[in-house]
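The values are calculated or read from the model by the stated rules, or taken from the named source; none is laboratory data. Everything numeric here is computed off the predicted structure, so don't read it as measured data. Neighbour counts run over all protein chains shown; Cβ positions are idealised from the backbone, glycine included.
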Amino acid sequence: MKWEGKRESDNVEDRRDGGGPTGGGGGGFGGRGLGIGSIAIALVVSYFLGINPLTVLGLLSGNGSVPQVQTAPAPKPPADDRMAKFVSTVLADTEDVWTDIFTKAGGTYQEPRLVLFRGSTPTACGQGEAATGPFYCPADRKVYIDLVFYETLKNRLGAPGDFAQAYVIAHEVGHHVQNLLGISAKMDKMRARVSKVEYNALSVRLELQADCFAGVWANHAQAARQLLEQGDVEEAMNAAARIGDDALQRANGGAVVPDSFTHGTSAQRQRWFDNGLKNGSVKRCDTFSARQL
């Protein structure tokens, strides 16, 4: 992936040395109490499926409220931090692509912020934990990532490569786009109206659309800046395959249970990323109207 020497985003907060928000992210989620078992389930599900653990806990508790966070300025990453420079560059490229797409559609793209943290950090959605992997919090419009996750992606999940890493960020930014388009809010309203199985099915469509949006970003970035190198697409497709619900359930020695899927199968995730990559069209990413995923 040709990323070095390109623009870096100013929307990156580095909390790895303790900077940034304080307070408000404690363990209280309201509603009925959550036992250790519920928290363990949330951490396992979120780690392997890429779901914000706070969303899982909210579903388990039946409470949709989120704690408030007192914001304070966080420093930018050090100039000599190569991995921080990489994610800042990828974020900048997503900004360029989505700003252009929104502008051409007559809208205005509101850029998300990306937070680097180590271990845990308070968010507007509750306390974020490194063990759960990257996630997007719609309440504060921020993407959160502990860069140690990239070692997990490479060594535990078998998805190495810088473009695989970029795909992860682009997917989370895809959730931000959904938030701006009002799709995420519609999903929240549906939560109380449908069964758990039905909501899981909607969640699959939401996640596959974020995969498709990641492909849209790659399409436009390639057309404008010739970002891709040989093997990059294969890296992203491999990552999509490795984090499919069916692949993760098999890898953990369990049975494949389609009704429990929340992100889609490996084949579906590859298909929708590839759809966005080939067409570069937001309209072609309408997973909610698709008869076949």
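Tabulated values for the structure
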quantity: Of residues in region 219-243 being modelled with pLDDT of 90 or more and assigned to a loop (DSSP other than H, G, I, E, B), the one nearest to G5 (Cα to Cα); calculated: L227
quantity: Scope region 173-182; condition crowded, with 17+ Cβ neighbours inside 10 Å and either touching a Leu at 6+ places or on another chain (Cβ under 6 Å) or among the hydrophobic types (A, V, I, L, M, F, W, C) (or both); matching residues; calculated: V173, V177, L180
quantity: In region 183-195, residue modelled with the highest pLDDT [restricted to those that are of a type in the set (K, R) and surrounded by 11 or more Cβ atoms within 10 Å (Cβ to Cβ)]; calculated: K186
quantity: Filter result (over 22 Å from the mean Cα position of the chain (by Cα) and of a type in the set (D, E)) within region 5-19; calculated: D17
quantity: Number of positions in region 150-194 that are of a type in the set (G, A, S) and farther than 17 Å from F288 by Cα; calculated: 7
quantity: Test: residue in region 270-278 that is out of contact with any helix residue (DSSP H, G or I) (no Cβ under 8 Å at 6 or more places or on another chain) and among the small types (G, A, S); calculated: no
quantity: Members of region 108-123 found to be touching a residue at least 60 places away in the same chain (Cβ under 8 Å), farther than 19 Å from L153 by Cα and outside any strand (DSSP E or B), listed by number; calculated: Y109, Q110, E111, P112
quantity: Residue in region 160-194 that is farthest from V97 (Cα to Cα), counting only those that are in contact with a helix residue (DSSP H, G or I) (Cβ under 6 Å, 6 or more places away or on another chain) and among the β-branched types (V, I, T); calculated: I169
quantity: Only one of A159, A130, A192 that is under 14 Å from the mean Cα position of the chain (by Cα) and not β-branched (V, I, T); calculated: A130
quantity: Positions within region 242-264 being crowded, with 19+ Cβ neighbours inside 10 Å and under 30 Å from D96 (Cα atoms), in sequence order; calculated: I243, G244, T262, H263, G264
quantity: Odd one out for T94, checked against (1) part of a helix (DSSP H, G or I); (2) more than 20 Å from Q222 (Cβ to Cβ); calculated: (2)
quantity: Total residues in region 252-270, condition touching a residue at least 60 places away in the same chain (Cβ under 8 Å), assigned to a helix (DSSP H, G or I) and more than 16 Å from the chain's Cα centre (by Cα); calculated: 3
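Condition check ((1) in contact (Cβ under 8 Å) with a residue 12 or more places away in the chain; (2) buried (at least 24 other Cβ atoms within 10 Å of the Cβ); (3) of a type in the set (D, E, K, R); (4) in a helix (DSSP H, G or I)) across all residues:
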{"residue": "G128", "(1), (2), (3), (4)": "yes, yes, no, no"}
{"residue": "D140", "(1), (2), (3), (4)": "yes, no, yes, no"}
{"residue": "Y144", "(1), (2), (3), (4)": "yes, yes, no, no"}
{"residue": "L147", "(1), (2), (3), (4)": "yes, no, no, no"}
{"residue": "T152", "(1), (2), (3), (4)": "yes, no, no, yes"}
{"residue": "N155", "(1), (2), (3), (4)": "no, no, no, yes"}
{"residue": "G158", "(1), (2), (3), (4)": "yes, no, no, no"}
{"residue": "Y167", "(1), (2), (3), (4)": "yes, yes, no, yes"}
{"residue": "H171", "(1), (2), (3), (4)": "yes, yes, no, yes"}
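A quick yes/no check of all residues on (1) of a type in the set (D, E, K, R); (2) modelled with pLDDT under 95:
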| site | (1), (2) |
| --- | --- |
| A72 | no, yes |
| K85 | yes, no |
| F102 | no, no |
| L114 | no, no |
| A131 | no, yes |
| L157 | no, yes |
| I169 | no, no |
